[in-house]
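Let me begin by presenting the structure, written as C-alpha cells, before commenting on it.
None of the figures in this text is laboratory data; all of them are computed from the coordinates on show. In this text the structure is predicted, and so the values were computed from the model without any measurement. Here the Cβ positions follow ideal geometry from the backbone for every residue, glycine too, while neighbour counts run over all protein chains shown.
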Amino acid sequence: MTDPTSRLFRLLGLFQSRSVWTGRELADRLETQPRTVRRDISRLRELGYRIDSLQGLGGGYRLAAGGSIPPLLLQEDEAAAMYACLRVGAADGADPIGEAALRALMKLGAILPGPARQRAEAVGDAIALLPPPVQHAVVDLTLLMELAQSISDRTVTRMTYRDAVGNETERDVEPTSLIHNSGRWYLVGFDRLRENWRLFRLDRIVSARVLTFTFTYREPPTNAEMLQGREFRSWPVEAVVRFECPGKKVLDLIPARYRELVAETENGCTVRVGAFEAWKLAMWLVRAARVLETSVMVVSGAEVASAMRSLGTDLLRAASSQQAQGDAIGQEPAP
C-alpha cells in the first residue's frame, strides 16, 4: 500500500480492530516496512491521536482512549447493524437519548457511500417500532453517562430519589448495571441505607453526584430478579386470597414483590398480595384467575373484597346492557 492517506486510514482501522499490534504485524498488514509504520504513527500523533508505545517482549502499539475520535472504518454489515441500532434507539427523537441517536443516525447516513447507505437505510425503514406498554419516561442523557462511568469505576453514587408516592430520600448506592425495559431506564445498585439491593428508576432520580469513594464489587441478583422483585414488600393495600391451583403456578405468574405464599394444600394455595390501590389489585386477581383457569377467593382484606364486588357489579351491568340492546334490536314492532 503506497498511498499515504489510504495507509493512515487503514492503520486506524487496524487499531480499532485489536487493542495491541507489534510493528512487524502492522507492516505485514499494510504491506510496507516497519520504518514506514513508525512514520505513519508519528503522523497520527501529530493529528491528535494518542498512540501508546508498549515496552516488554516484542513491544507494540495501542490506540489509547481520550484522544480525538478516529473515523470509523465499517464493513457493510457493520454499517447496517449500527444503522439499525441507532434507528431503534432514536425512536421518535422525543427525549435526549433519542435526540442524540437521531443526530448520529443522520450523520452516519450522510457519510456512507451510495450502495452501503441504501442498504442501511433499507434496514432502518423496514424496522417497525411498537409503542412501549407504559408511558415513555424521559431520562437525562448526562445522568445516564455519569452512572455508566460510576459503574465502570466502581465509585459510590449519592442520589436524591423520589419514590412512587413522592417522598424524597438521600441514598448512597453502589451501582452495578443499567437496565432498559419497556420504555424505562433502571439502575441496579446496592443501597447502603437499606443494606440491600434496590432497583431505581432513572426518571425518579432528582439529583446524583458520583463520589470519589470506591467499593468492593458484590455479585448482584440477575436483572430478571430485580425487575420482578425478589421479596414481598409492604403495600398500602393488602389482602389474603386463595387460588384453587398449585402455589408454584401463582408464584410464577405474580412478581415476587406483589405476593407472598402463606400456605399450600393439595387443593390450592393461600397467598398474601399487595398493591397501591384496591381496584387495581382486584383487576389483577381476576386476570390471574383467568390466566390460571381457576377460581380466586378473598380470605381477608375488606377493601379488596369490596373492589372485587364493585368490579363484578360493573361487569354484570355491562353484560346486561349489551343483552338488552340485542333484545331491542331483534324485537318486532308491536302491531
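In whole percent, what relative contact order does the range 4-63 give with Cα contacts below 8 Å and a gap of six or more residues?
36 percent
Please list the non-local residues whose amide H lies under 5 Å from the amide H of residue 262, H modeled 1.01 Å from N, same-chain partners needing a gap of 5 or more.
270, 271, 272
Using 7 Å Cα-to-Cβ label points, what is the residue 164/residue 103 separation (nm, one decimal)?
The answer from the label model is 3.6 nm.
Output wanted: per-residue J couplings in Hz (rounded whole) for the range 291-300, from phi through Karplus 6.51 cos²θ - 1.76 cosθ + 1.60, θ = phi - 60°, x for Gly and Pro.
Karplus-based 3J(HN,Hα) across the range 291-300 equals 5, 7, 6, 8, 9, 10, 9, 7, 7, 8 Hz.
Output wanted: per-residue J couplings in Hz (rounded whole) for the range 198-208, from phi through Karplus 6.51 cos²θ - 1.76 cosθ + 1.60, θ = phi - 60°, x for Gly and Pro.
Couplings: 9, 10, 10, 7, 5, 6, 9, 7, 6, 8, 8 Hz.
Suppose R0 equals 45 Å. What FRET efficiency, 1/(1 + (r/R0)^6) with r the Cβ-Cβ distance, do residue 290 and residue 110 give to the nearest 0.05?
0.30
Which residues' amide hydrogens lie under 5 Å from the amide hydrogen of residue 181, considering only partners 5 or more residues apart or on another chain, with H built in the peptide plane?
Hits under the 5 Å cutoff: 186.
Under the rule of at least 5 residues apart or a separate chain, name every residue whose amide H is placed under 5 Å from the amide H of residue 22.
61
Scale the Cα Rg of the chain by the rule-of-thumb value 2.2 N^0.38 Å and send over the ratio, two decimals.
1.48
Report ³J(HN,Hα) in whole Hz for each residue of the range 308-313, in order, from the Karplus equation J = 6.51 cos²θ - 1.76 cosθ + 1.60 where θ = phi - 60°; Gly and Pro get x.
Result, rounded to whole Hz: 5, 5, 5, 4, x, 5.
Per Stokes-Einstein, at 25 °C and 0.890 mPa s, what whole-number D in µm² s⁻¹ belongs to the range 73-210, with the Kirkwood radius over Cα pairs as the hydrodynamic radius?
146 µm²/s
Out of all Cα-Cα pairs in the range 141-228, roughly what percent, to the nearest whole number, are more than 21 Å apart?
Of all Cα-Cα distances in the range 141-228, 22 percent exceed 21 Å.
Quick one: what do you get for the range 4-63 if you divide its Cα Rg by 2.2 N^0.38 Å?
1.00
Can you pull the one-decimal nm distance between simple spin-label points at residue 46 and residue 279, each 7 Å off the Cα toward Cβ?
7.4 nm
As a test of the formula, what do you get for the chain when each DSSP H run with n ≥ 4 contributes -39,500 (n - 2.57) and the sum is divided by the residue count, at 222 nm and rounded to the nearest 500 deg cm²/dmol?
Counting only the DSSP helices, I get -14000 deg cm²/dmol.
Please give the direction-averaged projected area of the C-alpha convex hull for the range 237-317, in square nanometres with one decimal.
If you wrap the Cα atoms of the range 237-317 in a convex hull and average its projections, you get 4.8 nm².
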